[in-house]
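The values are calculated or read from the model by the stated rules, or taken from the named source; none is laboratory data. The shown structure was predicted, so the numbers you read here are calculated from the model rather than taken from an experiment. Every residue, glycine as well, gets a Cβ built from its backbone with ideal geometry; the counts of neighbours run over all protein chains shown. Just so you know, the surface numbers come from the protein's heavy atoms only, side chains and all, with ligands and any DNA or RNA stripped out. Shrake-Rupley method; radii C 1.70, N 1.55, O 1.52, S 1.80 Å.
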Amino acid sequence: MLWLCRAARQPQRDNNMKVTTLLIICSGLIFGSLGKPQFPEREKDPNFWNLGAQQTLSEALTLQDLNKNKANNLILFLGDGMGIPTVTAARILKGQLMGQSGEEMQLEMDKFPFVSLAKTYNTNAQVPDSAGTATAYLCGVKANEGTVGVSAAAVRSQCNTTQGNEVTSILRWAKDAGKSVGIVTTTRVNHATPSAAYAHSVDRDWYSDNEMPPEALEAGCRDIARQLFENIPNIDVIMGGGRKYMFPKNMSDVEYPGVAKQSGLRKDGRNLVEEWKDKKKDKKGFYIWNKKQLLSLNPNNVDYLLALFEPGDLMYDLERNTETDPSLTEMVEVAIKILKRNPRGFYLLVEGGRIDHGHHEGKAKQALHEAVEMDRAIGRAALMTSTYDTLTVVTADHSHMFNFGGYTPRGNTIFGLAPMTSDVDQKPFTSILYGNGPGYKIVSGGRENISTIDYTENDYQAQAAVPLSMETHGGEDVAVFAKGPLAHLFHGVHEQNYIPHVMAYAACIGQNKKHCVSQSGTDGLSPVLSTIAALLTVTRLLS
C-alpha cells in the first residue's frame, strides 16, 4: 500500500479529485497497517480517567503547602514566539517523536505547578515585537516596540531620546547582588531578547555600528554588541551566535573563511572578542566557537565564558551539525555547571529564539522542533537544580499567527492532513495553517493543491490565508509556567512586566528587599514583613 501512496504523488495530475481521494485512502491504510489504535485501549475504561483525575487532585492539594523559601537561583526560559498553540503542537510532536500518539504527552513545562497568563502588548502596539516585550519581562517596564532597555519615553531610532530613559534588567539586579549571571540563546547574543538584559538602545537593529545611521553614531549612541561588553562587563556566561558583529569589517570568520557574508562587520575596527579575552586572561576566562571546545571545558575551572557558535543566529535544530554545533540543552548544562558554583546563586536567561524564526518563515516543522528542544533543555535544568531554592519560569514574549485544527483524529501526525477535503474547493489541507505569511499561493486561479507537493519536508511553508513575505506575531496572551520559591505568585492574568518583579521579590534582589530578614547570617523571607512591604508598595504606587 506504500507504493500506492507514492503513486499518488507522481507528476501526472490529470485528475486532482482522484489523487486527493487516493491520498486520503492511503493515509487510512497506512494508519491501519501499522496496527496503531486510534487511542490506547485503557482509555475505554472510565477507571483510567477517574484514577488519573484523583491522582492529579491529590497532587494539587499538596500545593497548599506553598514554597516560601528564598530563591537562591533564578532561571527564565523564554520561547520566542511560543504561543499556546505552539506549546500544544510541540507537546504532540514530542509524544510522536517517542512513538506515541502525542496528545497525552507531558512537556517539562506542563509539569510546573503554577500557570498564569501574561498580556503582551507594547506601549504603542497591540500586537508586540520581541524588543518591547523583552524590556517588559526583563526590566519590569513596558516599552515601545523595537526598543530595548529603555522606557516608553524613548522613541525608536531617535538616538537623542535614549539618555535619561534607560531602565535596568533583572540580570543587572542579580549581578549587583553578587550572583553569577548568564545568557544562553539560539539567536545572536545581541538579538532583541538577550539585548534587553544588558543594553539600552532605541533601535533593536543596531547590532553593530555597521547597522547604525551616521547621525546616531555622531550623537554618541552605542551599538548593542559594544554594550554587551561595556554595560555589564562581568557577565559570567554568554552563549549564542553573533560573531560577525564583534569583529572588524571584512575580517574573515574562523568557521567560514572567505565567505564574505559571514565576515566581520564593525566599521570602528574594534575586535570585541580580543578585547574581552585581554580583560579575562588572568580571570579564568575562555572564548570558544564550537561544540568540541564547549564539551572539553572543565566547568570547575571556568569563571567567565564567551561562546559564539555562528556569525549570525545558530542553525535550526533540525539542520544542526551535531558534531560541531551544540544543542540548546548542551549549552544550558554547561552554563548551569559554571554558574551554580557561586554560593550566592545565579540568574540565567535561556532563549529558544528560533521558534520565532521558524514561524516567521511559515516553517512550522522547524519552529516546533525548536520548541521541543527547548523543552529538553528545561528538563536538563530541572535535573541540575532543586525547586527548594531555584525559581524557574517558562514563558513566551508573544504568539504567532499559527494554529492547527481540521477535526484531525487522535494520533494524526501533527504535520499531516486533515481527514477531509475542503467543501468549497474540494482540495485537501494540512492541519497546521497560518493566518498570514509566505505559504499563501495561488495556482491556476485557486488554492494550491498540496497533494502535488511534499508537505512533510523540513522547510515546507504551511498554507496561509493572507500573503506576506514574513508571517506576523499574534496578539493573544501567553502562558507563564512557574515552579520553585514563591512560584504561586504567578497566578491569574497579569501584565508581562510583572514577571521580573516576582522573580526579584523571590530572590531578595532589586527593589524588593524589605520583606527579607537576616536569619543566622543568611537572608530569609518574612511572611508578615512581605505582606506589609507589598501593601506599602501598592500604596506608594497609588499615590
Reported set for region 419-442 where residues are surrounded by 16 or more Cβ atoms within 10 Å (Cβ to Cβ) and either part of a loop (DSSP other than H, G, I, E, B) or charged (D, E, K, R) (or both) is Lys427, Ser431, Pro438, Gly439, Tyr440
Picking from Asn403, Asn412, Asn458, the residue that is in contact (Cβ under 8 Å) with a residue 40 or more places away in the chain, open to solvent by 20 Å² or more (accessible area, probe 1.4 Å), out of contact with any Gly (no Cβ under 6 Å at 6 or more places or on another chain) and outside any strand (DSSP E or B) would be Asn458
Which residue pairs have Cβ atoms closer than 8 Å, lie 6 or more positions apart in sequence or on different chains, and pair a first residue in region 194-218 that is under 17 Å from Ile235 (Cβ atoms) and without any contact (Cβ under 8 Å) to a residue 12 or more places away in the chain with a second residue that is open to solvent by less than 40 Å² (accessible area, probe 1.4 Å) and among the basic types (Lys, Arg)? none
Of (1) out of contact with any strand residue (DSSP E or B) (no Cβ under 6 Å at 6 or more places or on another chain); (2) on the phi > 0 side of the Ramachandran plot, Gly242 satisfies all except one. Which? (1)
Only one residue in Ile509, Ile499 is among the hydrophobic types (A, V, I, L, M, F, W, C), modelled with pLDDT of 95 or more, under 30 Å from Asn144 (Cβ atoms) and assigned to a loop (DSSP other than H, G, I, E, B), so which one is that? Ile509
Counting only residues that are open to solvent by less than 30 Å² (accessible area, probe 1.4 Å) and touching a Pro at 6+ places or on another chain (Cβ under 9 Å), how many does region 340-359 have? 3
Condition (residue is in a loop (DSSP other than H, G, I, E, B), touching a helix residue (DSSP H, G or I) at 6+ places or on another chain (Cβ under 8 Å) and over 16 Å from Thr168 (Cα atoms)) applied to region 226-233: is it met by at least one residue? no
Listed residues Gly492, Gly484, Gly445; which is buried (at least 21 other Cβ atoms within 10 Å of the Cβ), on the phi > 0 side of the Ramachandran plot and over 19 Å from the mean Cα position of the chain (by Cα)? Gly484
Among the residues of region 311-356, write down those that are out of contact with any strand residue (DSSP E or B) (no Cβ under 7 Å at 6 or more places or on another chain) and among the hydroxyl-bearing types (Ser, Thr, Tyr). Tyr316, Thr322, Thr324, Ser327, Thr329
Asp313 in contact (Cβ under 8 Å) with a residue 60 or more places away in the chain, part of a loop (DSSP other than H, G, I, E, B) and surrounded by fewer than 24 Cβ atoms within 10 Å (Cβ to Cβ): yes
On the basis of being open to solvent by less than 10 Å² (accessible area, probe 1.4 Å), under 20 Å from Glu330 (Cβ atoms) and either free of Cβ contacts under 8 Å to residues at least 12 places away in the same chain or in a strand (DSSP E or B) (or both), does Leu383 make the cut? no
Within region 389-400, how many residues turn out to be over 17 Å from Gly435 (Cα atoms) and open to solvent by less than 30 Å² (accessible area, probe 1.4 Å)? 8
Residue check, Leu297 surrounded by fewer than 24 Cβ atoms within 10 Å (Cβ to Cβ), in contact with a helix residue (DSSP H, G or I) (Cβ under 8 Å, 6 or more places away or on another chain) and either more than 30 Å from Leu117 (Cβ to Cβ) or modelled with pLDDT under 95 (or both): yes
Does region 208-216 contain any residue that is open to solvent by 50 Å² or more (accessible area, probe 1.4 Å) and assigned to a loop (DSSP other than H, G, I, E, B)? no
Within region 219-233, track down each residue that is open to solvent by 30 Å² or more (accessible area, probe 1.4 Å) and closer than 10 Å to Tyr207 by Cα. Arg222, Arg226
Which residues, taken from region 131-148, are more than 15 Å from Ile499 (Cβ to Cβ) and open to solvent by less than 10 Å² (accessible area, probe 1.4 Å)? Ala131, Gly146, Thr147, Val148
Residues being modelled with pLDDT of 95 or more, assigned to a loop (DSSP other than H, G, I, E, B) and of a type in the set (D, E, K, R) - total across region 236-281: 7
Pairs please, first residue from region 142-155 and among the basic types (Lys, Arg), second anywhere and part of a loop (DSSP other than H, G, I, E, B), Cβ atoms under 9 Å, 6+ apart in sequence or on different chains. Lys142/Tyr121; Lys142/Thr123; Lys142/Ser151; Lys142/Ala152; Lys142/Gln496; Lys142/Asn497
Those residues of region 92-130 which are of a type outside the set (Val, Ile, Thr), under 19 Å from the mean Cα position of the chain (by Cα) and in a loop (DSSP other than H, G, I, E, B), in sequence order: Gln106, Leu107, Glu108, Phe112, Tyr121, Pro128, Asp129
So, Tyr137, is that one under 25 Å from Lys340 (Cβ atoms) and not in a helix (DSSP H, G or I) or not? no
Can you confirm whether region 287-295 contains a residue that is under 28 Å from Gln163 (Cβ atoms) and in a strand (DSSP E or B)? no
